[in-house]
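I have placed the structure first, in the form of structure tokens, so that the comments after it can refer back to it.
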Amino acid sequence: MVRAEIITIGDEILYGQILDTNTQWISLELDKLGIKTVRKSSVGDQKSEILQILNEAAQRADVVFITGGLGPTKDDLTKKILAEYFDCELEMHPVALQDVTEFFAKRGRELSDINRDQTLLPTKAEFVRNAQGTAPGMWFNEKGVIWVSMPGVPYEMKNIMEKEVLPRLVTHFKTPVIFHKVIKTVGIGESYLSELIEDWELQLPAHIKLAYLPSIGIVKLRLTAVGGDLALLKSEVDAELAKVNPLIQSYIYGYEKDELAEVVGRLLLDRKATLAIAESCTGGHLAHQFTQNPGSSAYFVGGILSYANQVKIDQLGVSASILEKYGAVSEECIQAMAIGVQKRLGTTYALATSGIAGPDGGTEEKPVGTVWIALAHENGVVTRKLTLGGTRMQNIYLSSLACVNLLRRYLLNDLT
């Protein structure tokens, strides 16, 4: 397999002043070609450190991508360092000079000496046109490795990659086909999920690998198949999906780019059903899960943000006696909230949240992270008590996620 390394150059990246999005984008594009990224590195504007990382990259990669350090200012060192590294001189490249001259002429500006110097390229470099800026890219075939140097500006780098570099890579390397399939699960932790599918995982063919990609509240399973025939790989992965899906069906909510609330929205549309929401501790975050999806107005009617107890009484019809006897964070209150917003907005279903997100407000009986959620449906109310232990934002997010998943499982007749 062809191995790639990506190096980003610039103090501003190390200081956290600029977010490095280049490496992720490049990795995704390389993956489509069957080129595996084995290392990503960031280095500052120091000659010795850049030379060191170039030497290291040459030992482990077949192709090295370098972004940054090609601007016109004195702190942009990449071009000079590459000339030294490959033991060659810098010379004015005629096509690069013509390109940058036309670039400035189209904008009614004179070409300055400092911008003219951007067309100086190492003599061992092949010119790579930059149609979006003034700093050309460079392609080297040295020391048994392909080296590609590009500007760090994302839109310039992407244009160079798409128009110039990726086509060259396809002709230069013979690469395998890589096919990914992502299964998305909710409501189960990584270790429990692993136990459920252990036997299936152990029998996977050698050319199909499984990776666990956990995040807060969600665990993704990525199947990666490597071979020479894309259609065959897709068929083999589909066969493995058919084996594993029955083992974890209750937890699977989608594949690839599916989002949980979007999936639930489609289920509501299929049933011509509507939804309303009453929120306390989640503060509008639950409603946002639905409204961020285009077309959600077809099923999402609205919500009531009942943060204060008086709003629960006035807008949702929660009785004062419930609040006095059981408190706002209770099963009795959450039931009344869900029924109240369902009736008030006249919807098929209603979700409700009430809890203690933190970091303060907890008691011994109801510590921070205690949350009640409810689903009001055609025939009654389903409630769940959550005991969470995260930060305020984590508790808000996980409460919203649990609510959406409660509705998903109800719509699929999967509640236990």
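The values are calculated or read from the model by the stated rules, or taken from the named source; none is laboratory data. These numbers were taken from a predicted model, which means no experiment stands behind them. Positions of Cβ are generated from backbone atoms using ideal geometry, with glycine treated the same way; all protein chains shown enter the neighbour counts. Surface accessibility is based on the protein's heavy atoms, side chains included, excluding ligands, DNA and RNA. Shrake-Rupley method; radii C 1.70, N 1.55, O 1.52, S 1.80 Å.
With respect to the conditions (1) open to solvent by less than 60 Å² (accessible area, probe 1.4 Å); (2) modelled with pLDDT of 95 or more, residue 77 falls short on a single one, namely (2).
Residues considered: 135, 83, 131. Of these, the only one that is open to solvent by 50 Å² or more (accessible area, probe 1.4 Å) and either in a loop (DSSP other than H, G, I, E, B) or farther than 15 Å from residue 71 by Cβ (or both) is 131. Residues in the range 5-30 that are over 16 Å from the mean Cα position of the chain (by Cα) and not aliphatic (A, V, I, L, M): 5, 8, 10, 11, 12, 15, 16, 17.
Looking at the structure I just gave you, is residue 231 in a strand (DSSP E or B), of a type in the set (Gly, Ala, Ser) and open to solvent by less than 80 Å² (accessible area, probe 1.4 Å)? Criteria not met by residue 231. The set of residues in the range 171-200 that are in a helix (DSSP H, G or I) and closer than 30 Å to residue 62 by Cβ comprises 171, 172. Would you please list the contacts, defined by Cβ atoms under 7 Å and residues six or more apart or on different chains, that run from a residue in the range 362-380 that is of a type in the set (S, T, N, Q) to a residue that is open to solvent by 40 Å² or more (accessible area, probe 1.4 Å) and in a strand (DSSP E or B)? Taking only residues 6 or more apart or on different chains, the pairs are 370/387.
Residues that are open to solvent by 40 Å² or more (accessible area, probe 1.4 Å), closer than 27 Å to residue 415 by Cα and over 24 Å from the mean Cα position of the chain (by Cα) within the range 239-250 comprise 242, 243, 246, 247, listed in sequence order. What about residue 305, is it surrounded by 15 or more Cβ atoms within 10 Å (Cβ to Cβ) and more than 21 Å from residue 401 (Cβ to Cβ)? The answer is no for residue 305.
The set of residues in the range 316-331 that are part of a helix (DSSP H, G or I) and either surrounded by 17 or more Cβ atoms within 10 Å (Cβ to Cβ) or in contact (Cβ under 8 Å) with a residue 40 or more places away in the chain (or both) comprises 316, 322, 323, 331.
For every residue, the table says whether it meets (1) closer than 30 Å to residue 45 by Cβ; (2) open to solvent by less than 50 Å² (accessible area, probe 1.4 Å).
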site: 148; (1), (2): yes, yes
site: 154; (1), (2): yes, no
site: 157; (1), (2): yes, yes
site: 163; (1), (2): yes, no
site: 166; (1), (2): yes, yes
site: 169; (1), (2): yes, yes
site: 173; (1), (2): no, yes
site: 183; (1), (2): no, yes
site: 189; (1), (2): no, yes
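Residue check: residue 283 meets all listed conditions (1) on the phi < 0 side of the Ramachandran plot; (2) at pLDDT 95 or above but one, namely (1). Within the range 231-255, residues that are hydroxyl-bearing (Ser, Thr, Tyr) reach partners that are crowded, with 18+ Cβ neighbours inside 10 Å and assigned to a helix (DSSP H, G or I) with beta carbons closer than 8 Å, at six or more positions or on different chains, in the pairs 250/409; 251/193; 253/260; 253/263; 253/405; 253/408. Scanning the range 306-315 for residues that are within 14 Å of residue 353 (Cα to Cα) and touching a residue at least 12 places away in the same chain (Cβ under 8 Å) turns up 306, 307, 309, 312.
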